[in-house]
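FYI, it's all coordinate maths here, none of it is from the lab. A quick note: this is a predicted structure, and the numbers were derived from the prediction, not measured. All Cβ positions, glycine included, derive from the backbone under ideal geometry; neighbour counts span all protein chains shown.
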Amino acid sequence: MKKRSLLPALIVAILPATTVITRAASNEAPPGVIEDGRRAYASLCASCHGPNGKGDGPMAAELSNKPIDLTQIARNNKGTFPFWHVFNSIDGRTILRAHGGPEMPVWGSRSEAIYGNVPTREWMLAVTFYIESIQAK
């Protein structure tokens, strides 16, 4: 019996994930991801950050610290959108908070309870791409 190479099957299995990771690493959103991010943002973020990301959501007045204007992140960072910093801020599990508790929910652990088996990092990447897409020009 002739041995078959597992390489073609491995390439087919790994290629989609590699494409998403590569695009995320280069900050290029795969098709449909920004719309997915917009929907997740509307569901999880807009109540505080507002429907347009300006920090004026209906819950903003209830917070001790006003939510940031998400449309100004790149402008406040010398014109560069800090993609992975934003992603890690959404996740919240890797941000070190030396003083006091976080104002924003730690979505990385909370989303597992909300979404169950939906890959946590997938929706957070989508929201990060969406936030990048609403940056003020």
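Scanning the range 56-72 for residues that are part of a loop (DSSP other than H, G, I, E, B), out of contact with any Cys (no Cβ under 8 Å at 6 or more places or on another chain) and in contact (Cβ under 8 Å) with a residue 12 or more places away in the chain, we see that the one that is farthest from Gln135 (Cα to Cα) is Ser64.
Scanning the range 73-92 for residues that are in a loop (DSSP other than H, G, I, E, B) and either closer than 19 Å to Gly37 by Cβ or of a type in the set (A, V, I, L, M) (or both) yields a total of 5.
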